[in-house]
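See structure below.
The values are calculated or read from the model by the stated rules, or taken from the named source; none is laboratory data. Fair warning: this is a prediction, and the values are worked out from it, not measured in the lab. Cβ placement follows ideal geometry from the backbone for every residue including glycine, while neighbour counts extend to all protein chains displayed. Protein only, heavy atoms only, side chains kept; ligands, DNA and RNA dropped before computing areas. Shrake-Rupley method; radii C 1.70, N 1.55, O 1.52, S 1.80 Å.
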Amino acid sequence: MRTERRARMLSRLWMAAVYGFLYLPIVSLVVYSFTDSSVPNVWGGFSLRWYQALTTDTDLKEGLWLSLQIATSTATAAVVLGSLAAASLHRYPRFFGRTLFSGMVSAPLVMPEVIVGLSLLLMLVSLQRLLGVPERGMVTIWLGHLLLGMAYATVVIHARLKDLNPQLEEAAQDLGASEFEIFRRI
């Protein structure tokens, strides 16, 4: 009984230490964001000076706007392309190159992001040297995010399509729906 209580206490202490290790830097970052000092880890009194400077920083606003544009366009394109990839994997269980296609779609999920990013950089630089496009900027960032987003979207949508009742599609066909209407509505 006593060793069980000690083990429970030790496990709670260990969990508190892990949570402290994870969340203490975040809490200290929030606390020190209200300091008046120019040195990041020296407390100089409570102030909202840095938040005021944040609202007047035009570079930061432009970066935020670019991030929102990339996020919106990436999410939209990833869902559209991921839906098409998942539908083709679901609808056609046997086609030439299916294994390669499935592997290429899911490869970004299992490879480390550093490897994916480096290989994407090398490919885009080679394309730029060869063809002159794409310029490094918003398009290349969008392509990198699309690569990862499409992989996640394809996996999630394909799993959902596997759970879909095939009789719903048959019923829609019996009622005269076209292939596109079935894809869009069901």
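Key figures
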{"read-out": "Filtered residues of segment 28-57 (kept if out of contact with any Gly (no Cβ under 6 Å at 6 or more places or on another chain) and of a type in the set (S, T, Y))", "value": "S28, Y32, S33, S38, S47, Y51, T55, T56"}
{"read-out": "Conditions (1) surrounded by 10 or more Cβ atoms within 10 Å (Cβ to Cβ); (2) without any contact (Cβ under 8 Å) to a residue 12 or more places away in the chain: number failed by T55", "value": "(1)"}
{"read-out": "1 or more residues over 30 Å from A107 (Cα atoms) and touching a helix residue (DSSP H, G or I) at 6+ places or on another chain (Cβ under 7 Å): qualifying helices (runs of 4 or more DSSP H) within segment 1-95", "value": "49-56, 58-91"}
{"read-out": "Residues located in segment 85-101, provided they are within 20 Å of L146 (Cβ to Cβ), touching a Ser or Thr at 6+ places or on another chain (Cβ under 9 Å) and without any contact (Cβ under 8 Å) to a residue 24 or more places away in the chain", "value": "F101"}
{"read-out": "Any pair with Cβ under 6 angstrom, 6 or more apart, that starts in segment 110-122 at a residue that is at negative phi and ends at one that is open to solvent by less than 100 Å² (accessible area, probe 1.4 Å)", "value": "V116/P108; L120/G144"}
{"read-out": "Failed item, numbered, when R49 is tested on (1) without any contact (Cβ under 8 Å) to a residue 24 or more places away in the chain; (2) within 30 Å of R184 (Cβ to Cβ)", "value": "(2)"}
{"read-out": "Matching residues, segment 115-129, being among the aliphatic types (A, V, I, L, M) and more than 16 Å from A151 (Cα to Cα)", "value": "L118, L121, L122, M123, L124, V125, L127"}
{"read-out": "Residue that is least open to solvent (accessible area, probe 1.4 Å), among those in segment 92-142 that are of a type in the set (D, E, K, R) and under 21 Å from the mean Cα position of the chain (by Cα)", "value": "E113"}
{"read-out": "Residue match in segment 81-98 (condition: touching a Gly at 6+ places or on another chain (Cβ under 8 Å), among the hydroxyl-bearing types (S, T, Y) and modelled with pLDDT of 90 or more)", "value": "no"}
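Condition check ((1) touching an Asp or Glu at 6+ places or on another chain (Cβ under 9 Å); (2) surrounded by 10 or more Cβ atoms within 10 Å (Cβ to Cβ)) across all residues:
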| residue | (1), (2) |
| --- | --- |
| F21 | no, no |
| V27 | no, yes |
| S38 | no, no |
| S47 | yes, yes |
| Y51 | no, yes |
| L60 | no, yes |
| I70 | no, yes |
| V80 | no, yes |
| S88 | no, yes |
